[in-house]
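To start, the structure under review is shown below, and the notes come after it.
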Amino acid sequence: MATAAGQGIVEIQRRLLGGYQLLQTLVGIRLRSVADPESVRHLTWLSDVAAAMELISRRMTAEAPLDFQGYLQDVAAFWARACQGRPVRLDVRGQSALLPDSHLLPLAIITHELIGNACRHAFPDDRRGSIAVAFSRAVGGISLVVRDSGVGADSLQPGEGLALVRGLVDHLGGSMTIETAPGAGVGVRIRLPLEPPPTH
């Protein structure tokens, strides 16, 4: 019985992965026929969210508890491929940490969004630079820092990306600070408690 139940879970997970992949394909097809910059921005954002959910879901299919450090390597490889041919270096350092289920998808989307924002906006005109990601355990929770060496304040996009990140951080009862100056890069520091905030 347990084996049948386990096989059922694996099948559901397989279908979910297929759904995320199909969503990315559909968005990609739609992007080829859209010229309006606002529509492109919205569709690209949707594709990013689906990609983050697919990457973390692949890790969640394993029988062992999910170690978020492994997801960091996956998302780094994803954005390294996206930046291929550009002089942008991506460095990811993370401590091993098992996270509660309530944190997995939100933190995956947060990380994906922050790296994606840096890749897309911090280095215009083939500017050379680097993106550093640090994930570690902190007192009472975890810390995530994403910092780039790009154009700084000029690269900040006040659209869905940062608003989504801030909303997810608030949802998990955490804090978020942004450090930036013109020409001095952008650093986003997030701290999250490991226990979700109480519901009201």
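The values are calculated or read from the model by the stated rules, or taken from the named source; none is laboratory data. Because the structure is a prediction, the values reported are computed rather than measured. In this analysis, Cβ positions are derived from the backbone assuming ideal geometry, glycine residues included, and neighbour counts consider all displayed protein chains. These area figures cover heavy atoms from the full protein model, side chains too; ligands, DNA and RNA do not enter into them. Shrake-Rupley method; radii C 1.70, N 1.55, O 1.52, S 1.80 Å.
Before moving on, here are some points about what is shown:
- Of all residues making up segment 87-107, the number that are under 19 Å from ARG147 (Cβ atoms) and either at pLDDT 90 or above or open to solvent by 40 Å² or more (accessible area, probe 1.4 Å) (or both): 9
- In segment 48-78, the qualifying residues are those that are open to solvent by less than 30 Å² (accessible area, probe 1.4 Å) and either of a type in the set (Ser, Thr, Tyr) or over 16 Å from LEU107 (Cβ atoms) (or both), and the one that is farthest from the chain's Cα centre (by Cα) is SER57.
- Sole exception among (1) crowded, with 17+ Cβ neighbours inside 10 Å; (2) free of Cβ contacts under 8 Å to residues at least 40 places away in the same chain for GLY116, by number: (2)
- Members of segment 130-154 found to be buried (at least 17 other Cβ atoms within 10 Å of the Cβ) and either over 20 Å from ILE109 (Cα atoms) or aliphatic (A, V, I, L, M) (or both), listed by number: SER130, ILE131, ALA132, VAL133, ILE142, LEU144, VAL145, VAL146, SER149, GLY150, VAL151, GLY152
- Some residue of segment 141-152 being closer than 21 Å to ASP91 by Cα and at pLDDT below 85: yes
- Hey, ALA122 of a type in the set (A, V, I, L, M, F, W, C), free of Cβ contacts under 8 Å to residues at least 40 places away in the same chain and surrounded by 13 or more Cβ atoms within 10 Å (Cβ to Cβ) or not: no
- Index of the failed condition, LEU162 passing every other in (1) surrounded by fewer than 16 Cβ atoms within 10 Å (Cβ to Cβ); (2) of a type outside the set (Phe, Trp, Tyr); (3) modelled with pLDDT under 90: (1)
Yes/no per residue for (1) within 21 Å of ALA82 (Cβ to Cβ); (2) touching a helix residue (DSSP H, G or I) at 6+ places or on another chain (Cβ under 8 Å); (3) at pLDDT 65 or above:
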{"position": "ALA4", "(1), (2), (3)": "no, no, no"}
{"position": "ARG14", "(1), (2), (3)": "no, no, no"}
{"position": "SER33", "(1), (2), (3)": "no, no, yes"}
{"position": "ASP36", "(1), (2), (3)": "no, no, yes"}
{"position": "SER39", "(1), (2), (3)": "yes, no, yes"}
{"position": "ASP48", "(1), (2), (3)": "yes, yes, yes"}
